[in-house]
Amino acid sequence: MRRAALAVALLLAGAVALDRAFPPDLSRARDLSAEVTDRDGVTLSVFPAAGGVWRLRTTVEDVPPAFVAMLLVREDARFRWHPGVDPLALARATAQAAWHGRVVSGGSTMTMQVARLLEPRPRTALSKAIEIARAVQLEVRYSKDEILGLWLTLAPFGGNLEGVRAASLALFGRPPMGLDPAELALLVALPQRPSALRPDRFPERAAAARNRVLEIARDAGVLSPREVADAQATPVRAARHEMPRLAWHLAVREAGDARVATTIEAPLQAALERLGAEMAASLDERANLAVVVLRNADRTVAAHLGAVPGEARAGTLDLTRAVRSPGSAFKPFLYALAFDAGAIRPETRIADLPRRFDGYAPENFDRGFTGEVTAAEALRLSLNLPAVAVADAFGPLAFVAALERAGAPPRLPPADAGPGLPVALGGFGATLTEATALAAALAEDGTVAAPVWRAGDTAERRRFVSRETAGAVRAILAASTPPPGMPPQLHPPRIAWKTGTSWGHRDAWALGVSATHTVGVWVGRPDGTPLPGQTGRATATPLMLRVFALLPDPGTLPDAPPLPPAPALARLGEPRADRLRLVFPPQGASLADGAAVTLRAAGGQRPLTWLVDGAPIASPRHRRDTAWQPEGPGFYRVTVIDAEGASVAAEVRVRSP
């Protein structure tokens, strides 16, 4: 007896040693397709695994109980009871093979199938013995549901499809939980002969195999006769669906991880992408658009559209991260900072009349002037000269520094000089994501945070302006005249918005805030070429309003405490001495293509630096003029900077001969 016990102990010790020395190889189960989900676990986008295989991790919780029941009665009725090997099934299979002279039924359990899926081998007696050993190993190491999960992840479904979730998405366009009994039965049948039963190639064979599974399920009491009759009457659909590709530009950033949960809402994202495609169809064939939707409460991304697909539209680019000129879209942030610093108040009087600022003479979009207005009116009407006066009083360097601290650093033309007054009118580069984050600060409490899109991450907020200042700017923008086509449910005071149009009609912007969400929209050509007639109000605002219409009713915008009192000025600032001046070309000049242009400045401290569209051009640094050869027709920005950092710029057009 003692010897028998010792022998058993030695056998067990040897088995444990072998198990540790030769553990199951789970590398195939770990080599998964990258998957990005929404905040509720709904699949947004997937990316193929190595070799172009679609293989998504699938657990018992990912499939309906009816599927598991059908699978087990079809493949391994005693799965829950046996230790990985079913002696009765093996004996039956051996006897049938001996009687018929060929394999009639398989003796493999689900666990043995998993062993074969993990480590594919030729079908030989040795391979079967190894599968049996591996099956016992798996049963010792893992629970029954975990073993089922391995099968659900690795089972072949024809072509480059592996696993139940991948097959369900590709064959039916829905996850397994959304399938009916006929579809579930087909998924049970396919792994038996995945190539011969592919429904997109052999629908009749697939239907026959499915019906056999349904009959087995009926006989086992898994499905009722009525359910089986209805399922068998359902034709097999042969179409192959594209794998999910929602929020693709955001998803591709996370493609390296097996499964990443985001803060996106899948239904909203799908609606946004349909809306984006509809709006893009009305644009120039080379134009595109981008949209960011944030939740104000936690600054998480609710929906994200980097671009509408299309080769001519450069649809692979994530245009929410493209650096573009915001035009007037950043004026609210300038006014907010000036209010917060006490430089001005909404009631401060500003003269909207012709004026030069060290040689810089801004004009309004309509080339006219309004006269004396309050700061609130100037912001609401998006007047340019008052905005420059505010920047002059607050300081362009202070404005740029505040934007940098807020996580939206303006991309200025490369030069040694500091920022000039054109920053008031969007004379720099920014991204839509940054602009939307800043707008969200005005929507709520004046704090700003980089948008968060990974579930579980927390936005790190920092103070941009006070809650009172944010409320003051929000109230000003909410009192704007509703644009044509604004749905009544969005009329003031339900949303506040600001538009922007960059010089040369290259970029159209719209930023809007409600009590619950902030929406940022950009429209333009990805290559930066002009789109004549495009403006923020005409092109971007309609899209912004339709995006808001996709969101729940936000209610009214929150009230804000009043700003502390500050002395109002009858007229903001006085002109400084006229130093550096751009003599030629003047603002808005129209030049003929083909001829060299002599750029000429007056005043200022030499040496001078000349820039065209932010790029330095060769010039005699101690002269006040230089030659420039335009590259062709189009819009250009000519800038001259002196040794003291003063700068003057003019926008010109080179026309075709």
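The values are calculated or read from the model by the stated rules, or taken from the named source; none is laboratory data. As the structure is a prediction and not an experimental result, all values here were calculated from the model. When we count neighbours, we look across all protein chains shown, and the Cβ atoms used for this are built from the backbone with ideal geometry, even at glycine.
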Problem set entry | Residue that is surrounded by 22 or more Cβ atoms within 10 Å (Cβ to Cβ), within 23 Å of Ala459 (Cβ to Cβ), small (Gly, Ala, Ser) and not assigned by TED's automatic domain parsing to the domain that holds Ala439, where the choices are Ala261, Ala336, Ala302 | Ala302
For this session: Please tell me if Phe202 is more than 30 Å from Asp40 (Cα to Cα) and among the aromatic types (Phe, Trp, Tyr).
Result: yes
Exercise. Which number in (1) assigned by TED's automatic domain parsing to the domain that holds Phe428; (2) crowded, with 18+ Cβ neighbours inside 10 Å marks the one condition that Gly485 misses?
Worked result: (2)
For this session: Would you mind listing the strands (runs of 3 or more DSSP E) fully within segment 556-655 where at least 3 residues are modelled with pLDDT of 85 or more and on the phi < 0 side of the Ramachandran plot?
Result: 597-602, 609-612, 625-628, 634-641, 647-655
Seminar exercise, completed: In the set Arg321, Arg286, Arg345, the lone residue that is surrounded by fewer than 24 Cβ atoms within 10 Å (Cβ to Cβ), under 29 Å from Arg454 (Cβ atoms) and touching a residue at least 60 places away in the same chain (Cβ under 8 Å) is Arg321
Seminar exercise, completed: Within segment 626-652, residues among the charged types (D, E, K, R) and surrounded by fewer than 16 Cβ atoms within 10 Å (Cβ to Cβ) come out as Glu631, Glu644
Problem set entry | Count of segment 517-555 residues which are in contact with a Leu (Cβ under 7 Å, 6 or more places away or on another chain) and not small (Gly, Ala, Ser) | 13
For this session: Within segment 333-351, track down each residue that is in a loop (DSSP other than H, G, I, E, B) and touching an Asp or Glu at 6+ places or on another chain (Cβ under 8 Å).
Result: none
Problem set entry | helices (runs of 4 or more DSSP H) wholly inside segment 383-453 that include at least 2 residues being closer than 28 Å to Asp318 by Cβ and outside the structural domain of Asp38 (by TED's automatic domain parsing) | 396-405, 432-443
For this session: Take segment 249-297 and flag every residue that is polar (S, T, N, Q) and not in a loop (DSSP other than H, G, I, E, B).
Result: Thr262, Gln269, Asn288
For this session: Would you check which residues across segment 5-47 are surrounded by 15 or more Cβ atoms within 10 Å (Cβ to Cβ), in a helix (DSSP H, G or I), of a type in the set (D, E, K, R) and modelled with pLDDT of 90 or more and list them?
Result: Arg28
For this session: Assess whether Ala217 counts as being within 30 Å of Leu246 (Cβ to Cβ), small (Gly, Ala, Ser) and not in a loop (DSSP other than H, G, I, E, B).
Result: no
For this session: List the number of the failed condition for Phe330; all other conditions in (1) in a helix (DSSP H, G or I); (2) closer than 23 Å to Pro542 by Cβ; (3) at pLDDT below 95 hold.
Result: (3)
Problem set entry | Only one of Arg463, Arg506 that is modelled with pLDDT under 95, under 27 Å from the mean Cα position of the chain (by Cα) and surrounded by fewer than 24 Cβ atoms within 10 Å (Cβ to Cβ) | Arg506
Seminar exercise, completed: Of (1) assigned by TED's automatic domain parsing to the domain that holds Phe157; (2) free of Cβ contacts under 8 Å to residues at least 60 places away in the same chain; (3) hydrophobic (A, V, I, L, M, F, W, C), Val222 satisfies every one except (2)
Exercise. Does any residue of segment 201-213 turn out to be part of a loop (DSSP other than H, G, I, E, B) and at pLDDT 95 or above?
Worked result: no
Seminar exercise, completed: Given the conditions (1) in a helix (DSSP H, G or I); (2) closer than 18 Å to Phe67 by Cα, every one holds for Leu138 apart from (2)
